[in-house]
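Q: This is the structure, below, for whatever I ask next.
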Amino acid sequence: MNSPHAQIAFRVALALAAAGLGGAFLAALIGVVLSLVGPSGTAVTRLCGKTDVAPAGGNDYLGQNNVWGADTAQCVAVGDQSLRVETAAHDRPPDGAPAASPSLIRGCHWQDCTDVGDLPVRVSEMPEITSDWVTRQVDTGIFNAAYVVWFHSGPVASGTPDGAEMVIWMRSRGGVRPGGSVVAENVLISGARWNVWLARDGGRVRITYERLGEVVSVRGLDIRAFTMDSVARGHVLPGWYLVAVEAGFNLWRGGAGNVIESFSVSIADRVR
């Protein structure tokens with residue numbers, strides 16, 4: 001019994017047994033505790049509510065289920081800077097909005113915030129910000145894998161971002177494309193080539209960098225370089241604030257089995 005969670009469950013069960021509680025109750029309790037332990041011994045949290053959020057390893061990351069475009073069922077398992085889509089019953093057309101966007105967060109997604117000591121950061125004063133992201137993706141369904149970087153007009157961590165949504169689109173299947181129209185092609189940023197799309201979404205600007213040559217993992221992705229490109233194009237203002245970096249999957253149809261194996265964001269040479 002090497003897992004500390006299993007040891008805790010065992011000790012609790014012994015204490016309750018000494019108090020005279022029945023075996024069925026003890027088994028149920030132990031099952032609840034052990035259900036929070038993944039196959040590698042790391043704690044995981046299962047989220048099935050549309051807006052459920054849980055810590056994803058310490059205080060610096062959150063995992064979210066984030067079912068916002070449909071009422072179909074979805075569950076994710078959130079671990080230490082990791083996330084797995086366990087079930088996803090979605091069936092949305094690829095030419096519309098996705099059903100859900102399960103992801104990991106560094107910063108604030110509306111009212112849900114990590115320990116944001118180094119965020120928000122003013123765009124004009126932005127230090128080096130890079131990210132590593134490793135995924136495993138299924139070959140069925142309709143989805144994409146992308147970063148979303150949120151900008152707000154003021155120095156606040158929570159609330160609805162009103163500046164810009166910057167999407168860094170890594171891979172897709174099933175015929176989905178970025179919204180809006182192409183404003184630049186074959187742009188070199190962070191060691192790869194990208195097409196740049198521009199759209200308006202509820203008064204907010206959405207800039208999408210669609211990678212030419214799909215990948216399922218990145219190392220040292222230069223978030224600051226994408227931001228400065230958007231500033232140069234006039235889509236992000238120097239006075240705005242970067243409030244969050246997210247990475248995950250937009251799901252239109254299916255999506256169960258997609259996994260974020262690891263995700264990290266480094267800000268000013270400090271790994272968070």
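Q: Of all residues being surrounded by fewer than 21 Cβ atoms within 10 Å (Cβ to Cβ) and not small (Gly, Ala, Ser) in the range 143-166, which is modelled with the lowest pLDDT? Just the residue, please.
A: Let us first name the residues in the range 143-166 that are surrounded by fewer than 21 Cβ atoms within 10 Å (Cβ to Cβ), namely 153-160, 162, 165.
Those still in the list that are not small (Gly, Ala, Ser) too: 155-156, 160, 162, 165.
On the way: PRO155: 87, VAL156: 80, THR160: 86, ASP162: 92, GLU165: 97.
It comes out as VAL156.
Q: Mind listing whichever residues of the range 104-124 are part of a strand (DSSP E or B) and charged (D, E, K, R)?
A: First pass over the range 104-124, keeping only residues part of a strand (DSSP E or B): 104-109, 112-113, 121-122.
Passing the criteria: ARG106, ASP112, ARG122.
Q: Would you kindly identify the strands (runs of 3 or more DSSP E) lying entirely within the range 167-242 that contain at least 3 residues that are free of Cβ contacts under 8 Å to residues at least 24 places away in the same chain? Break it down into steps so the answer makes sense when it comes.
A: Details: elements: 181-189, 192-201, 204-211, 217-222.
Of the strands (runs of 3 or more DSSP E) lying wholly inside the range 167-242, those with at least 3 residues that are free of Cβ contacts under 8 Å to residues at least 24 places away in the same chain span 181-189, 192-201.
Q: Something else now. Answer with yes or no whether THR72 is out of contact with any helix residue (DSSP H, G or I) (no Cβ under 7 Å at 6 or more places or on another chain), closer than 17 Å to ARG253 by Cα and polar (S, T, N, Q).
A: On the way: out of contact with any helix residue (DSSP H, G or I) (no Cβ under 7 Å at 6 or more places or on another chain): yes; closer than 17 Å to ARG253 by Cα: yes; polar (S, T, N, Q): yes.
The answer is yes for THR72.
For (1) charged (D, E, K, R); (2) closer than 25 Å to LEU242 by Cβ; (3) in the same structural domain as TRP150 (by TED's automatic domain parsing); (4) surrounded by 24 or more Cβ atoms within 10 Å (Cβ to Cβ), each residue gets a yes or a no:
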residue	(1), (2), (3), (4)
ALA70	no, no, yes, no
ASP80	yes, yes, yes, no
ARG84	yes, no, yes, no
ALA88	no, no, yes, yes
GLY96	no, no, yes, no
ALA100	no, yes, yes, yes
GLY107	no, yes, yes, yes
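Residue by residue, here is whether (1) modelled with pLDDT of 95 or more; (2) of a type outside the set (A, V, I, L, M); (3) part of a loop (DSSP other than H, G, I, E, B); (4) closer than 25 Å to ASP139 by Cα holds:
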{"position": "PHE10", "(1), (2), (3), (4)": "no, yes, no, no"}
{"position": "GLY20", "(1), (2), (3), (4)": "no, yes, yes, no"}
{"position": "PHE25", "(1), (2), (3), (4)": "no, yes, no, no"}
{"position": "ALA28", "(1), (2), (3), (4)": "no, no, no, no"}
{"position": "PRO39", "(1), (2), (3), (4)": "no, yes, yes, yes"}
{"position": "THR51", "(1), (2), (3), (4)": "yes, yes, yes, no"}
{"position": "GLY63", "(1), (2), (3), (4)": "yes, yes, no, yes"}
{"position": "ALA70", "(1), (2), (3), (4)": "yes, no, yes, yes"}
{"position": "ALA77", "(1), (2), (3), (4)": "yes, no, no, yes"}
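Q: If I filter the range 223-266 down to residues being of a type in the set (S, T, N, Q) and farther than 18 Å from GLU210 by Cβ, which single residue comes out as surrounded by the most Cβ atoms within 10 Å (Cβ to Cβ)? Show your work before the answer.
A: Keep residues of the range 223-266 that are of a type in the set (S, T, N, Q), which gives 227, 230, 250, 258, 262, 264, 266.
Checking which are farther than 18 Å from GLU210 by Cβ leaves us with 258, 262, 264, 266.
Working: ASN258: 24, SER262: 16, SER264: 18, SER266: 17.
The extreme case among them is ASN258.
Q: Would you call ARG219 out of contact with any His (no Cβ under 8 Å at 6 or more places or on another chain), assigned by TED's automatic domain parsing to the domain that holds ARG84 and at pLDDT 95 or above? So that I can check it myself, show each step before the final result.
A: Values: out of contact with any His (no Cβ under 8 Å at 6 or more places or on another chain): yes; assigned by TED's automatic domain parsing to the domain that holds ARG84: yes; at pLDDT 95 or above: yes.
For ARG219, the condition - out of contact with any His (no Cβ under 8 Å at 6 or more places or on another chain), assigned by TED's automatic domain parsing to the domain that holds ARG84 and at pLDDT 95 or above - is met.
Q: Give me a count of the residues in the range 125-166 that are out of contact with any Cys (no Cβ under 6 Å at 6 or more places or on another chain), among the aliphatic types (A, V, I, L, M) and part of a loop (DSSP other than H, G, I, E, B). Steps first, please.
A: Taking the range 125-166 as the starting set, the residues that turn out to be out of contact with any Cys (no Cβ under 6 Å at 6 or more places or on another chain) are 125-156, 159-166.
Checking which are among the aliphatic types (A, V, I, L, M) leaves us with 126, 129, 134, 138, 142, 145-146, 148-149, 156, 164, 166.
From what is left, the residues that are part of a loop (DSSP other than H, G, I, E, B) are 126, 138, 156.
The qualifying residues number 3.
Q: If I filter the range 70-84 for residues that are within 22 Å of ASP201 (Cβ to Cβ) and hydrophobic (A, V, I, L, M, F, W, C), do I get at least one hit?
A: Within the range 70-84, one or more residues are within 22 Å of ASP201 (Cβ to Cβ) and hydrophobic (A, V, I, L, M, F, W, C).
The values are calculated or read from the model by the stated rules, or taken from the named source; none is laboratory data. Fair warning: this is a prediction, and the values are worked out from it, not measured in the lab. Positions of Cβ are generated from backbone atoms using ideal geometry, with glycine treated the same way; all protein chains shown enter the neighbour counts.
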